[in-house]
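Just below is one structure, and these are the notes that go with it.
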Amino acid sequence: MDASTSRITNRALHSDAVAGLSQTPKGLSPKWFYDALGSEIFEEITQLAEYYPARTERAILEAQLPRIAAHVPEGAALVELGSGASVKTRLLLDGLPQLSAYVPVDISEDFLHATASDLAADYPALTVTPVVADFMTPVRLPDLGRAPVVGFFPGSTIGNLAPEAAEALLARLGHWPHHQALILGVDLVKAPETLVAAYDDAQGVTARFNLNLLTRLNREVGAEFDLDTFRHLALWNAGEARVEMHLESQNDQVVRVGDELVAFAPGETIHTENSHKYTVERLSDLATSAGWRVDDFLTDADGLFGVFVLGR
């Protein structure tokens with residue numbers, strides 16, 4: 001065993017990284033953004049002037065709570081995918097007194113448990129049961145009795161998935177016991193300059209978020225990335241209706257990743273994230289194909305963002 005192999009502390013990340021960096025083009029799953037630091041940086045991103053999705057979705061939820069409440073049964077359990085800091089969730093917990101339980105689901109274990117502990121203290125009448133899981137795999141819910149389940153998938157996280165994967169995820173969620181409604185945040189197609197600015201802010205916070213993935217590889221899989229030789233890149237791909245994030249190599253280099261050597265040409269990128277944007281019609285078709293119906297659609301005055309309420 002060489003020294004780099006002995007530094008591997010996250011075998012799953014190592015396996016994904018070796019596989020992704022061996023492909024042409026190179027790529028890494030965005031799920032690995034969310035270690036504790038990555039989760040904190042993402043919360044910074046949501047506060048940026050350029051990052052309209054977070055504040056616009058929040059404004060929609062605040063303004064349309066009565067309409068959302070009409071779709072939430074008495075005694076329902078709210079199950080949130082990719083819960084993060086659960087900031088927007090507090091709007092629902094405050095405005096939906098009929099809820100009996102909250103189940104945050106997230107891949108970042110320490111961050112999840114800290115957030116769940118805070119929520120349990122702030123909402124003592126609510127049963128808060130965190131679930132550490134990757135929602136791209138089947139998620140097993142805790143025992144909720146026969147409480148009706150209302151899913152919450154905000155932030156347009158569904159846009160990170162290819163449409164086929166998004167449809168498959170929605171279909172899996174439909175198999176949760178007693179799952180009656182899904183509140184789904186979706187970023188809508190709009191001017192490319194608005195979209196790209198949201199993923200390439202002037203302060204460089206999104207760049208720091210993207211580059212933190214290399215820091216994590218260095219720490220957890222014995223990689224030897226020099227962050228100064230990579231730069232953050234955000235592009236609008238009109239053909240696929242998505243914003244793409246990449247990490248672009250600035251020179252010809254070979255990087256050790258665990259016990260593997262990965263070569264980069266100048267200008268070659270690691271494709272780290274897609275953020276698909278939807279029209280109302282395209283998302284409705286996707287939901288229908290996954291076995292859901294659109295019961296309600298809420299948006300802002302400028303049509304920047306949409307909150308869909310799906311039913312079975």
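Observations on the structure shown:
- Three-way shape label, region 162-224, alpha-carbon gyration tensor, a/c 1.5: oblate
- Of all DSSP bridge pairs formed entirely within the chain, close to 60 percent run antiparallel.
- Spin-label model distance (nm) - R55 vs R312, 7 Å beyond Cα toward Cβ: 3.8 nm
- Note on the chain: GNM, Cα springs under 10 Å; of P124, P192, P154, the largest mean-square fluctuation is that of P124.
- Residue with peak Gaussian network fluctuation, the chain [Cα springs, cutoff 10 Å], from G239, G27, G38: G239
- Sorting H232, H113 by the number of Cβ atoms found within 10 Å of their own Cβ, with the fewest placed first, yields H113, H232.
- Distance between region 1-80 and region 146-219 - C-alpha centres, whole angstrom: 7 Å
- Rounded, prolate or oblate (a/c below 1.5 giving rounded, otherwise prolate when a/b exceeds b/c) for region 50-123 by Cα gyration tensor: oblate
- Computed on the chain, with alpha-carbon pairs under 8 angstrom and 6+ residues apart, the relative contact order is 23 percent.
- Local electrostatic count at A287 - Lys and Arg +1, Asp and Glu -1, tallied over other residues with Cβ under 15 Å: -2
- In the chain, the longest principal axis of the Cα atoms and the axis of helix 280-289 are about 80 degrees apart.
- Where only alpha carbons of region 228-280 are counted, the Rg and the Dmax (Å): 14.0, 46
- Among F297, F135, a tally of other beta-carbon atoms within 10 Å of each Cβ gives an order, fewest to most, of F297, F135.
- Relative contact order of region 71-179, defined on C-alpha pairs under 8 angstrom at six or more residues apart (%): 30 percent
- Bridging of K277 to lysines at a Cα separation below 22 Å is possible for K31, K88, K190, once same-chain residues fewer than 8 apart are set aside.
- Computed over the chain with a Gaussian network model linking Cα atoms closer than 10 Å, the most mobile of N160, N218, N251 is N251.
- All Cα pairs of region 159-312, percent lying beyond 27 Å: 40 percent
- Beta bridges assigned by DSSP with both partners in region 71-157 are antiparallel in approximately 0 percent of cases.
- Exposure proxy ranking for D200, D110, based on other Cβ atoms within 10 angstrom of each Cβ and starting from the fewest, stands as D110, D200.
- Seen through its C-alpha gyration tensor, with square-root eigenvalues sorted a ≥ b ≥ c, region 222-311 comes out prolate because a/c lies at 1.5 or above while a/b is bigger than b/c.
Rule-based calculations on the coordinates, nothing more; no lab input. None of the values given here were measured: they were computed from a predicted structure. Using ideal geometry, Cβ is built from the backbone for each residue, glycine included, and neighbour counts are taken over all protein chains shown.
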